[in-house]
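Pasting a structure below so you can have a look.
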């Protein structure tokens with residue numbers, strides 16, 4: 001696919017990095033020569049220096065031949081203007097704009113083909129905030145990701161001694177909870193993936209990925225570990241874009257303290273947040289953390305712009321008695337280093353938000369993608385079309401499918417209406433995948449891939465055949 | 001069944017120089033839309049893209065058969081493009097570049113006839129002599145002749 005990325009900032013660079021390895025031809029536009037040179041030194045892509053919304057600059061980047069425009073500059077206005085230009089002058093089929101201000105997304109008519117011509121808008125900060133909220137809600141989980149508009153969830157959790165399923169084969173799940181259906185899609189043991197069958201035994205320390213209807217995920221979790229105390233008190237380090245969004249939503253349900261280093265920003269936040277407590281100070285300051293009762297905190301989230309700062313603050317908080325700590329880490333190498341060690345959860349914002357873009361890069365009708373295990377694995381939601389003759393999956397039982405090793409179907413959502421996405425999606429029915437499940441046309445099939453390398457094979461397998469008219 | 005009603009020289013381009021699938025579909029859409037004043041090239045382009053998103057229409061051996069339906073036609077219409085150089089069609093590294101594309105635009109209502117036509121075209125293109133002939137053809141008329149579509153047939 002030929003892709004133009006506007007903006008070589010944090011979002012643009014990480015998008016370029018994720019897409020460059022996948023046989024895509026990428027052109028990055030930015031005004032900052034230094035940033036572009038850094039990208040080009042590291043990745044196999046082309047760059048154009050200039051204003052991303054200018055027709056001549058877009059043309060220079062090959063807009064006429066481009067399939068996908070990803071406008072992720074810091075400026076909503078530039079992104080919008082670029083989409084309009086790309087549509088009118090170059091007929092770029094798919095245009096995605098990053099919109100940080102909620103103002104635009106509130107008026108969806110502004111984004112339609114007659115106006116700014118934005119096919120999809122994304123707000124990485126909001127995606128990360130939603131992701132964090134899930135982790136606050138499910139303190140036992142490492143990751144909670146949604147499919148089919150929230151009907152199905154994929155949960156990653158560490159199995160802990162004392163969970164009823166520990167030491168037992170996976171198939172016991174059904175015996176323990178006859179009313180609830182769930183599927184264990186993958187197990188990572190000492191960082192190596194195991195594709196489980198009914199006889200696989202779960203060990204303490206395993207990182208287990210399971211799929212279930214969203215209403216059942218808490219129940220399934222109790223099989224893997226004893227229930228943790230629910231989250232009550234939160235401390236957020238960093239009142240920036242993500243920290244402030246999170247505080248605003250979380251303050252409704254939790255006791256929230258925000259530590260912000262910049263005095264003016266702290267004051268601004270203090271007046272906009274009505275129940276969260278905003279403190280001006282340094283989150284790596286031991287005395288401040290102690291005086292704010294860090295040992296009482298259920299969850300400490302380090303969300304500043306500075307990786308080192310976040311790591312230090314999270315380590316310190318853990319040391320001082322915070323029950324669970326999380327650090328936002330942009331540099332992938334750092335995140336790899338830290339997860340599951342002394343920091344409970346290390347997340348890379350780019351990894352969390354890349355899925356929303358990958359869904360538009362994947363071939364076939366892909367409704368959702370989540371990048372897992374720091375990009376090594378992936379979960380996809382395919383919508384299957386056609387009939388038994390034009391599709392390789394429709395009209396077959398799951399056990400009849402010829403899926404490559406490392407790929408497994410976790411769940412199916414059936415009866416989702418295509419015409420009014422969102423509203424009527426809730427009418428769909430969640431079917432947890434079993435060998436004898438028959439796949440029907442228009443099913444949303446949710447797959448777990450232990451390796452990203454399986455993606456092309458799976459794309460081909462789930463696409464409609466040539467004869468689909 | 002491959003008749004002059006399906007395609008004529010005005011909807012054939014020989015030796016086109018382009019470098020992307022997007023441009024190829026855009027040009028095929030323009031050719032298809034030229035068949036009838038009711039057709040709009042942008043809408044046809046959109047239809048072809050929608051179909052392509054659900055699954056590639058590459059046939060192998062450098063051939064693609066992009067197709068779509070629209071309520072704006074009552075009979076199937078076709079367009080053919082021969083490229084100077086093959087282009088990446090599927091975005092998969094192991095695929096052969098596509099240098100011959102036959103596009104079809106069919107009426108909305110489901111009909112076996114369209115499938116038979118698609119199968120028939122696929123059949124013609126699976127013949128290596130026909131593929132060679134098409135690659136060597138130097139005019140729209142010659143292209144149609146290789147496919148055995150001419151006003152006299």
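In whole Å, what is the distance between the alpha-carbon centres of segment A:280-315 and segment A:380-415?
Cα centroid of segment A:280-315 versus Cα centroid of segment A:380-415: 46 Å apart.
Taking the simple approach of a point 7 Å from Cα along Cα-to-Cβ for both residue A:84 and residue A:417, what is their distance in nm?
The two pseudo-label positions are separated by 3.4 nm.
Assuming a ≥ b ≥ c are the square roots of the Cα gyration tensor eigenvalues, decide whether segment A:96-176 counts as rounded (a/c under 1.5), prolate (otherwise, with a/b larger than b/c) or oblate.
Numbers: a/c = 4.81, a/b = 2.84, b/c = 1.69.
It is prolate, given that a/c is not under 1.5 and a/b is the larger ratio.
Right, another one. Say each of residue A:319 and residue A:215 gets a label point 7 Å from the Cα, pointing the same way as Cα to Cβ; how far apart are those two points in nm?
4.7 nm
Run the quick spin-label model on residue A:453 and residue B:126: label points 7 Å from Cα toward the beta carbon, then report their separation in nm to one decimal.
3.3 nm
Can you give the extra length, in nm with one decimal, that the chain gains between residue A:400 and residue A:271 once fully stretched, where that is 0.36 nm per residue apart less the Cα-Cα distance? Intermediate results must be reported in sequence, preceding the final value.
Details: separation 129, 0.36 × 129 = 46.44 nm, distance 6.02 nm.
Stretched out fully, the residue A:400 to residue A:271 stretch lengthens by 40.4 nm.
Using DSSP, restrict attention to beta bridges with both residues in segment A:91-206 and report what percent are antiparallel, rounded to the nearest 5.
Around 70 percent antiparallel, to the nearest 5.
I'd like the distance separating the alpha-carbon centroids of segment B:13-66 and segment A:316-357, in whole Å.
Result: 46 Å between the Cα centres.
What does the C-alpha gyration tensor say about the overall shape of segment A:1-72? Classify as rounded when a/c is under 1.5, otherwise prolate if a/b is larger than b/c, or oblate.
oblate
Where a ≥ b ≥ c are the square roots of the eigenvalues of the C-alpha gyration tensor, would you call segment A:144-190 rounded, which needs a/c under 1.5, or, failing that, prolate if a/b is larger than b/c, or oblate?
Judged from the Cα gyration tensor, segment A:144-190 comes out oblate (a/c at least 1.5, b/c at or above a/b).
On average, how many beta carbons from a partner chain sit within 10 Å of the beta carbon of a residue in A:157-170?
Taking all residues of A:157-170 together, the mean is 0.
Which order results if A:83, B:14, A:123 are arranged by neighbouring Cβ count within 10 Å, fewest first?
Ordered by Cβ neighbours within 10 Å, fewest first: B:14, A:123, A:83.
If each residue's Cβ is checked for other Cβ atoms within 10 Å, how do A:127, B:87, A:3 rank with the fewest at the top?
By the 10 Å Cβ count, ascending: A:127, B:87, A:3.
To the nearest 0.05, what FRET efficiency results for residue A:179 and residue A:387 with a Förster distance of 35 Å applied to their C-beta separation?
The formula returns an efficiency of 0.55 here.
Still on this structure, please answer the following. Could you tell me the calculated FRET efficiency between residue A:308 and residue A:54, based on Cβ-Cβ distance and R0 = 25 angstrom, to the nearest 0.05?
Efficiency, rounded to the nearest 0.05: 0.10.
To continue, here is another question. Can you give me the pair-distance distribution of the protein assembly as shown, C-alpha pairs, 20 Å bins, whole percents?
Each 20 Å bin holds this share of Cα pairs: 18, 48, 28, 6, 0.
Between segment B:93-145 and segment A:3-42, what's the alpha-carbon centroid distance in Å?
Cα centres, segment B:93-145 to segment A:3-42: 38 Å.
Over the whole of A:458-467, what's the average partner chain Cβ count within 10 Å per residue? Rounded to a whole number, please.
Neighbouring Cβ atoms belonging to other protein chains average 5 per residue here.
Here's a follow-up. Dividing the Cα radius of gyration by the Kirkwood radius, what Rg/Rh value follows for segment B:9-146?
0.93
Based on the Cβ-Cβ distance from residue A:434 to residue B:119, what FRET efficiency comes out when R0 is 41 Å, to the nearest 0.05? Provide the component values of the computation, followed by the final result.
Details: r = 36 Å, r/R0 = 0.87.
Here the calculated transfer efficiency is 0.70.
Cut-off is 10 Å between beta-carbons; in what order do B:88, A:228 appear when sorted fewest neighbours first?
Lowest count first: A:228, B:88.
Express in % the proportion of alpha carbon pairs of segment A:204-268 at distances exceeding 20 Å.
Here the tail beyond 20 Å accounts for 51 percent of pairs.
A further question follows. Other chains' Cβ within 10 Å of B:8-20 residues: what's the mean?
Mean shielding by partner chains, rounded to a whole number: 1.
Now for a different question. Considering only DSSP beta bridges with both partners in segment B:9-146, what is the antiparallel share in %, to the nearest 5?
Of those bridges, close to 50 percent are antiparallel.
Rounded to the nearest 5, what % of DSSP beta bridges with both residues in chain A are antiparallel?
Once the DSSP bridges in chain A are tallied, antiparallel ones form about 55 percent.
The numbers here are math on the coordinates, done by the rules we state, and not lab data. Only a predicted model underlies this, so the values are computations on that prediction, with no experimental measurement involved. Note that each Cβ is placed from the backbone with ideal geometry, even for glycine, and that neighbours are counted across all protein chains shown.
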